[in-house]
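Heads up: the structure comes next, in structure tokens.
The values are calculated or read from the model by the stated rules, or taken from the named source; none is laboratory data. Source: prediction; values computed, not measured. Here the Cβ is made from the backbone with ideal geometry for all residues, glycine too, and neighbour counts use every protein chain on show.
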Amino acid sequence: MTELQASIAVHPGPRLKPNVVDHHALSVTDLAGHLGVSRQSISKLLNGRQGLTAEMATGFDKAFGLNANTLIQMQSAHELAEALAHEDEIEVERVAT
């Protein structure tokens, strides 16, 4: 089994809420409009129920100076941790060399 440090496997959405929405006194509707995405998408992202897309990460970078690469790495680490949590259910055999 592959191990992934839990500290780096954090969904970026819940981190964005205090650091962007609250810090800049924005509503979810205002943030969605500024980034050109639906209010529902932003709400799901901030609540950790939807992944961060590369386009959204770029928008957060342009609008707030947050590093898009770091945000995408957080999302990827989170997704990998989720997959590894049930890797025993993933039925794939190693390719013979």
Output the qualifying pairs, or none if there are none: Cβ atoms under 9 angstrom, residues six or more apart or on different chains, first residue in segment 60-72 and of a type in the set (Asp, Glu), second residue not in a helix (DSSP H, G or I).
-> Asp61/Asn67
If we keep only residues of segment 1-44 that are of a type in the set (D, E, K, R) and surrounded by fewer than 16 Cβ atoms within 10 Å (Cβ to Cβ), then the residue modelled with the lowest pLDDT is Glu3
Among the numbered criteria (1) at pLDDT 95 or above; (2) within 12 Å of the chain's Cα centre (by Cα); (3) not charged (D, E, K, R), which single criterion is violated by Ala77?
-> (1)
For segment 74-97 the number of residues that are assigned to a helix (DSSP H, G or I), without any contact (Cβ under 8 Å) to a residue 24 or more places away in the chain and either β-branched (Val, Ile, Thr) or within 24 Å of Ala32 (Cβ to Cβ) (or both) is 1
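Any residue at all in segment 45-58 that is over 23 Å from Val20 (Cβ atoms) and of a type in the set (Ser, Thr, Tyr)? Break it down into steps so the answer makes sense when it comes.
Here is the first cut: in segment 45-58, the ones over 23 Å from Val20 (Cβ atoms) are none.
Scanning segment 45-58 turns up no residue that is over 23 Å from Val20 (Cβ atoms) and of a type in the set (Ser, Thr, Tyr).
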Does Leu26 count as free of Cβ contacts under 8 Å to residues at least 12 places away in the same chain and assigned to a loop (DSSP other than H, G, I, E, B)?
-> yes
Of the residues in segment 45-57, those that are surrounded by 15 or more Cβ atoms within 10 Å (Cβ to Cβ) and in a helix (DSSP H, G or I) number 4
